[in-house]
Number of protein chains: 2
Amino acid sequence: MSSSAPAKQRVRKSPKARRAEIVGRAATLALTEGLECITMRRVAEDLAVRPGLISHYFPVAEELVAEAFGTAASEELEELIPAERPAGSALDQLARFFARATGARYDDMSRLWLNARHLSRFRPVLAERVAVQEAAWRDRITRLLREGTAEGAFRPADPAVAAIQILVVLDGLGVHANTDRSNRPPAVTNMAVVTAERELGLPEGSLLALVHDAVASGTANGAAASEPLANGAVPPAPTA
Amino acid sequence: MSSSAPAKQRVRKSPKARRAEIVGRAATLALTEGLECITMRRVAEDLAVRPGLISHYFPVAEELVAEAFGTAASEELEELIPAERPAGSALDQLARFFARATGARYDDMSRLWLNARHLSRFRPVLAERVAVQEAAWRDRITRLLREGTAEGAFRPADPAVAAIQILVVLDGLGVHANTDRSNRPPAVTNMAVVTAERELGLPEGSLLALVHDAVASGTANGAAASEPLANGAVPPAPTA
DNA sequence: AACGCTATTGGATGCTCGACCAATAGACAA
DNA sequence: TTGTCTATTGGTCGAGCATCCAATAGCGTT
């Protein structure tokens, strides 16, 4: 052996790359283990660097937490509803949105929202970031609803209100997903989609059918298949 | 001055009384400042005793946290739906339930649920208590729905499912209450009641009117007036 | 090939927390 | 009143945390 000590070798990277690396690790840490696990020591350990380095890029720890959440949330939003919509109608996009947002793959994000909202009580910087992301999610859904209205696909009383209602139900489901999830009745699992159908003036079951299709065809934004919705509940054929 | 030191005098109480005192303080602490503020030192300080005393009654801190949550949650449930229903129909009781559960007075409890659900990730003992309370709340609502069904007041497809749906919407609203709450559209505020009306087969706006009455008459279980629901939205006259 | 900039290290400091324990003093019974 | 039991104290200990800083070594420039 040339040396008995671990002989730590430094790897020097550009500030930009290093910073991105840190935020990236913190973001996945937030999604998998929770925001409170984002600590100087922990992130440093995962990246095989010294804690001092992290605090060099983020002199105040809370800043990193906020950044991590912001990154995770905006990336997920991009998966749910891409900023520039791919081929297909607004209705199809809405179906893809629900396919992902009600699938098992969304559980981590759902939990992260819960986590972030709670932690916001004690961390003002994070709170601001949460408010920003909340607005971003709401606005992007609202926009999609407006587009769908323009396309004649649906007619919400107020797109902005409908967007909030959808988010409220999704959040409610997410909260319960953390404990229940197993043996959950289809009538509960489908609440979000059913709410959307009602508020958008869609025929009962029509959107639900589209969501099922989206799940089946793996089109549910973001590659691999997410879990099917509620298997027992076969939706009635769309009326329109 | 007889002594220069603060001259701390001990107050000796019965274990039962002291324990209750500790749990009580911890419970209100949980409601007002959050479960993570329940620390040996903090509770001791509030009670003007030494930290060692707290850890004497609760050798493991997590136990106190769980106990505090359980107490707060079960007391609130008793306010929402008393175990033995006072005079009045099940429908009236349901209206009183919503009057309180959607009022400003419920905000703390709503936040506590959020807090507890999140913290459950890291604290197994608390997680079990949360599961117990979740079941208790669900079961008591289910029972009330069954009673109302027996009284012919409403006809839910499945009382147990309807109970969960109501809770999901309430939780969703609670989650958003932590950030929004201001300038919230009536169509959002009323979501819980509207959901109940739909799932219970009640005429649109009928329950909402009863809830408004309950708020106005201050009958909203638990003394003082809670904030009115959505002031702008005058519900249509009940059809039945 | 030598230099200078700065990304990175290694260590120190002080904080809050849960947990543990011998000593003490209040209350109740004899 | 005296004595015993135990509720309560007061202090200690180690772990994990953010934050700060002087020294070091990697890399692009010259």
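In the range A:183-204, what count of residues is obtained for those that are assigned to a loop (DSSP other than H, G, I, E, B) and facing another protein chain (nearest Cβ under 9 Å)? Of the residues in the range A:183-204, 2 are assigned to a loop (DSSP other than H, G, I, E, B) and facing another protein chain (nearest Cβ under 9 Å). Considering the range A:205-221, and only residues there that are open to solvent by 10 Å² or more (accessible area, probe 1.4 Å), of a type outside the set (Gly, Ala, Ser) and modelled with pLDDT of 85 or more, the residue that is nearest to residue A:103 (Cα to Cα) turns out to be A:215.
When restricted to residues that are within 23 Å of residue A:82 (Cα to Cα) and at the interface with another protein chain (Cβ under 10 Å from one of its Cβ atoms), the range A:138-162 contains 5.
Is it the case that the range A:10-22 has a residue that's more than 16 Å from DNA strand C (Cβ to nearest atom), in contact (Cβ under 8 Å) with a residue 24 or more places away in the chain, away from every other protein chain (no Cβ under 14 Å) and at negative phi? No, the range A:10-22 has no match at all. Candidates in the range B:163-175 are the residues that are at the interface with chain A (Cβ under 7 Å from one of its Cβ atoms) and closer than 20 Å to residue B:103 by Cβ; of these, the one that is modelled with the lowest pLDDT is B:175. The set of residues in the range A:151-187 that are over 30 Å from residue B:127 (Cα atoms) and in contact (Cβ under 8 Å) with a residue 60 or more places away in the chain comprises A:151, A:153, A:154. The number of residues in the range A:16-48 being more than 24 Å from the chain's Cα centre (by Cα) and more than 12 Å from DNA strand D (Cβ to nearest atom) comes to 3.
Determine, yes or no, whether residue B:7 is open to solvent by 50 Å² or more (accessible area, probe 1.4 Å), at pLDDT below 95 and on the phi > 0 side of the Ramachandran plot. Here the answer is yes, as residue B:7 does meet what is asked.
The values are calculated or read from the model by the stated rules, or taken from the named source; none is laboratory data. Treat the numbers as computed from the prediction; the structure is a model and nothing was measured. So basically every Cβ, Gly included, is an ideal-geometry build from the backbone, and we count neighbours across all protein chains shown. Note: areas computed on protein heavy atoms with side chains; ligands, DNA, RNA excluded. Shrake-Rupley method; radii C 1.70, N 1.55, O 1.52, S 1.80 Å.
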